[in-house]
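*Asks:* My structure is below; once you've seen it, I'll send some questions.
The values are calculated or read from the model by the stated rules, or taken from the named source; none is laboratory data. All figures in this text were calculated on a predicted structure; none of them were measured in a lab. Here Cβ is always computed from backbone atoms with ideal geometry, including for glycine, and neighbour counts include all displayed protein chains.
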Amino acid sequence: MVTQTKTKVDENGDLAVLRFEGDITSHSEEAVLGKYRALNAATKKILLDFSKVPYLNSSGIALVIQLLMAANKASQKVVCFGLSAHFVKVFTMLGLAKYTSLHADETAAREAVG
Amino acid sequence: MTRALLHLILLSPLLPAQPAERSLEADLSSGWRMIEGDNPAFAQAGGNTGTWKSVTLPVSDLPFGMYWLTRTIQIPAGSVDAPQALVLGTMPGEYEVYLNGLHLGSTPNFRMGNVVLPCMYSFPIPAGILRSSPTLYIAFRMDVAPRHASSEVVRTSALYRVTSLQAAKVAVAGEIDRRRVATFPRAATLLLDLVFAAALFFVWRNRGGWTAALWLGSAFVSFAASSAIFLALHWSTIYPTSTDLRWVASAEEGTFYLGEIAILGFTLAMINRVSRGWLILPVLFFPAICAIPYFPGRPIYILGDLSTLGVAGGLAVWRILAGRQTGAGIFALILAFCGSFLMSSTFHFTGPAVSIGPLVFRVDNWAQVLIGFLMMADVLRRSAADWGERQRLGSEMESARAVQSLLLNAQSSPGGSEWAIDARYVPAQEVGGDFYWSRVEPDGARLILIGDVSGKGLKAAMLVSLIHGALERETETSPAALLSNLNEVVCTHLRGGFVTACCARAEPGGCLRIANAGHVSPYAQGLEVEVAAGLPLGVVRGVEYSEVALPLQPGSAFTLLTDGVPEATNAQPELFGFDRTCGISQQSAQEIVSAAQAWGQSDDITVVKVRRAK
């Protein structure tokens, strides 16, 4: 059963953490892009927390890619953490390394984003 | 013993005839004195009733309150030896009867609330009373209270007599028979309610789960149950006096109120995007409605009304003021008032009735049937239109599926190359966003492309058709260049989403050149082929893809598939995953599809097996 996506946003200076919870699907536009667009204009570093996301379908991945493209255009650095091994492989196959990096946990992600 | 009985039977014609019993016959319809108020002393003869109001039975239009009615009749000396009884027809309230100060009995539920079951009652007169006094002082202590109006559908006969017990029994039995016939129309409304409910449940069950039909059908069942309780009361042989029947009235009102809640649920179902949570308010009132017979008085009726009228009416006004679905809002408002009217007419007032011969038709019952019929007709009309539209869309989707199937199956033809294709495509819906394409080059090489449009259904299928058209026009023979060109096409037409694709060129001599645009890597000889990751098609323009080369021996094969295989999900839910996919990658295309389906198909599944001839 597909669950509703919830997003908790933690903002601290130029760093924002988008903590997703639930499946990310075509119904998650507000939870992914909506929350991204509502971030403080001063945000330069973004962490995407997928540790409570059991499943992303292709439409959900499309939303993440749109976020990455928009952040790239706005010269914001995005790193992801908490993805399951399956979706680490999917993100890798999608060739997203140019736009983001994938990390096991938040500590590693914070270190990567600097 | 048997012999004695036989003697008695044989000799009985020879026994002397018994003299006929003498009975007192007196009409009690006139000569009554009535006073408003309550004084137990009025049960005894000897009071001054000269100032009391002179009335004739039946008395009507009395304000709510307690009343006493008295009159006296003379008993001829030695003239009565048959068992006698009082026969009393319609009265404006529940009452108890006193004869010469002796309490004779009372109607059901006297002083127990507002439940009134007007009927003809007979009260046997103790023989001692008739012998002990030449006069009979009759007193009624009467409570005129708000009535449970449904009980008044059949007007009780205006018959008031002192007569023989046998004649009284005959009169009451005749009255009950008349009541049964008179309530046949109510039985007809019960049957109509059940027919309507059956039609609506059929629509709900067989026409795509119309919840509005389920709610309305439930309302009809509730109304039918209420009618059944009513009829059970009115068709019963006789009511024992002083019996607490409030629980029956409570059940009748409760079931009718459940119908009101169902009508509200129907209203909410007709107004899309309104939470069913609104129903909690009238549900909370349910115990209060069932308690009405136990706590007489108008305020509790009004509370009951407010629960349905307030919720449905408030919702309707809100929808109208919000400027959304004005028509539905007005519809809900009308329903709210209709529901309120029906409740009011049932609980508060005696509904107007029309008599045709022995049959009595109560207007509010038939108004409920008429309004219900119109609502049902509207639901049936809408569901029929919706069903027709679904059938039409289903037919068009079937056509689209057939066209897509033709497009894809055309690629499976093996001729002209040493590379043969075995492909399977199973969309999750009628049509899907997976696709594959193949072309044999003039040099005998075979170009194979597998792809997956993000999303499912018709929108994805339309993009697949567009990509197919672009591929048919494509002249590029290099997998990487072909993907770059296709990316430009997709970027031009795609608004959101992406397309993953993997393209392979299987050349004569066994060399395999592969480029990947974000797609699941191919498998060869039971291993995942290491390919350079590339962005999916449609994300950004100007992407260049790189190729890897892989030799394949004669007779060996490689497998291209979409994420419908590794992302098949079972009930736990657990993904099929890449490891299991790799493990079955050397099986045939059909076997791989079957394995994914057995695990739990959640997306389109496509498997293309490309085998080099031996």
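*Asks:* Restricted to region B:525-546, and to residues that are outside any loop (DSSP other than H, G, I, E, B) and either out of contact with any helix residue (DSSP H, G or I) (no Cβ under 6 Å at 6 or more places or on another chain) or buried (at least 19 other Cβ atoms within 10 Å of the Cβ) (or both), which residue is farthest from the other protein chains (Cβ to nearest Cβ)?
*Replies:* Only one residue fits best here, namely B:Leu527.
*Asks:* Go through the residues of region B:498-516 one by one and say whether even a single one is under 54 Å from the mean Cα position of the chain (by Cα), away from chain A (no Cβ under 14 Å), surrounded by fewer than 24 Cβ atoms within 10 Å (Cβ to Cβ) and hydrophobic (A, V, I, L, M, F, W, C).
*Replies:* Scanning region B:498-516 turns up no residue that is under 54 Å from the mean Cα position of the chain (by Cα), away from chain A (no Cβ under 14 Å), surrounded by fewer than 24 Cβ atoms within 10 Å (Cβ to Cβ) and hydrophobic (A, V, I, L, M, F, W, C).
*Asks:* All but one of (1) crowded, with 20+ Cβ neighbours inside 10 Å; (2) more than 15 Å from A:Ala16 (Cα to Cα) hold for A:Lys73; which doesn't?
*Replies:* All conditions are met except number (1).
*Asks:* Right, another one. Can you work out which of the residues in region B:65-78 that are more than 16 Å from B:Tyr95 (Cβ to Cβ) and either within 54 Å of the chain's Cα centre (by Cα) or surrounded by 10 or more Cβ atoms within 10 Å (Cβ to Cβ) (or both) is modelled with the highest pLDDT?
*Replies:* The residue in question is B:Thr72.
*Asks:* Quick one: which residue in B:Phe201, B:Phe196, B:Phe184 is farther than 17 Å from B:Ala228 by Cα and of a type outside the set (S, T, N, Q)?
*Replies:* Among B:Phe201, B:Phe196, B:Phe184, only B:Phe201 is farther than 17 Å from B:Ala228 by Cα and of a type outside the set (S, T, N, Q).
*Asks:* State which residue is surrounded by the fewest Cβ atoms within 10 Å (Cβ to Cβ) when the search covers only region B:456-481 and only residues that are polar (S, T, N, Q) and outside any helix (DSSP H, G or I).
*Replies:* Here the residue is B:Thr475.
*Asks:* Condition check: of a type in the set (Lys, Arg) and buried (at least 18 other Cβ atoms within 10 Å of the Cβ). Does A:Lys45 satisfy that?
*Replies:* Criteria met by A:Lys45.
*Asks:* Hey, another quick one. Could you check region B:560-608 and list, in sequence order, the residues that are at the interface with chain A (Cβ under 10 Å from one of its Cβ atoms), of a type in the set (Asp, Glu) and outside any loop (DSSP other than H, G, I, E, B)?
*Replies:* Matches in region B:560-608: B:Asp579 only.
*Asks:* Right, next: When you scan region A:49-114 for helices (runs of 4 or more DSSP H) that lie fully inside it, which ones turn up with 2 or more residues that are more than 21 Å from B:Ala460 (Cβ to Cβ) and within 14 Å of chain B (Cβ to nearest Cβ)?
*Replies:* The qualifying helices (runs of 4 or more DSSP H) are A:58-73, A:85-93.
*Asks:* List every residue pair whose Cβ atoms lie under 8 Å apart, where the two residues are 6 or more positions apart in sequence or sit on different chains, the first residue falls within region B:199-225 and is in the same structural domain as B:Leu374 (by TED's automatic domain parsing) and under 16 Å from B:Leu374 (Cα atoms), and the second residue, located anywhere, is part of a loop (DSSP other than H, G, I, E, B) and among the charged types (D, E, K, R).
*Replies:* What qualifies is B:Ala213/B:Arg207.
*Asks:* Looking only at region B:572-586, decide whether some residue is among the acidic types (Asp, Glu), under 22 Å from B:Gln429 (Cα atoms) and buried (at least 19 other Cβ atoms within 10 Å of the Cβ).
*Replies:* Checked region B:572-586: no residue is among the acidic types (Asp, Glu), under 22 Å from B:Gln429 (Cα atoms) and buried (at least 19 other Cβ atoms within 10 Å of the Cβ).
*Asks:* Do we find a residue being surrounded by 19 or more Cβ atoms within 10 Å (Cβ to Cβ), touching a residue at least 40 places away in the same chain (Cβ under 8 Å) and out of contact with any His (no Cβ under 8 Å at 6 or more places or on another chain) anywhere in region A:18-39?
*Replies:* Checking region A:18-39: at least one residue is surrounded by 19 or more Cβ atoms within 10 Å (Cβ to Cβ), touching a residue at least 40 places away in the same chain (Cβ under 8 Å) and out of contact with any His (no Cβ under 8 Å at 6 or more places or on another chain).
*Asks:* In region B:459-481, what count of residues is obtained for those that are touching a helix residue (DSSP H, G or I) at 6+ places or on another chain (Cβ under 8 Å) and more than 14 Å from chain A (Cβ to nearest Cβ)?
*Replies:* 9
*Asks:* Here's a follow-up. Could you please let me know if B:Ser30 is at pLDDT below 85 and among the polar types (S, T, N, Q)?
*Replies:* Considered against the rule, which asks whether it is at pLDDT below 85 and among the polar types (S, T, N, Q), B:Ser30 comes out as no.
*Asks:* Output the residue which, of all residues in region B:34-51 that are crowded, with 18+ Cβ neighbours inside 10 Å and more than 13 Å from B:Asn100 (Cα to Cα), is nearest to the chain's Cα centre (by Cα).
*Replies:* Here the answer is B:Met34.
*Asks:* Could you tell me which numbered condition B:Phe558 fails, if it satisfies all but one of (1) more than 30 Å from A:Leu33 (Cβ to Cβ); (2) free of Cβ contacts under 8 Å to residues at least 60 places away in the same chain; (3) exposed (fewer than 15 other Cβ atoms within 10 Å of the Cβ); (4) not basic (Lys, Arg)?
*Replies:* (3)
*Asks:* With the condition kept exactly as written, say whether any residue in region B:169-187 is at pLDDT 90 or above and either under 22 Å from the mean Cα position of the chain (by Cα) or outside any helix (DSSP H, G or I) (or both).
*Replies:* yes
*Asks:* When you scan region B:47-64, how many residues do you find that are among the small types (Gly, Ala, Ser) and modelled with pLDDT of 85 or more?
*Replies:* 2
*Asks:* Could you look through region B:391-402, keep only residues that are surrounded by fewer than 14 Cβ atoms within 10 Å (Cβ to Cβ) and charged (D, E, K, R), and pick out the one that is nearest to B:Trp210 (Cα to Cα)?
*Replies:* B:Arg392
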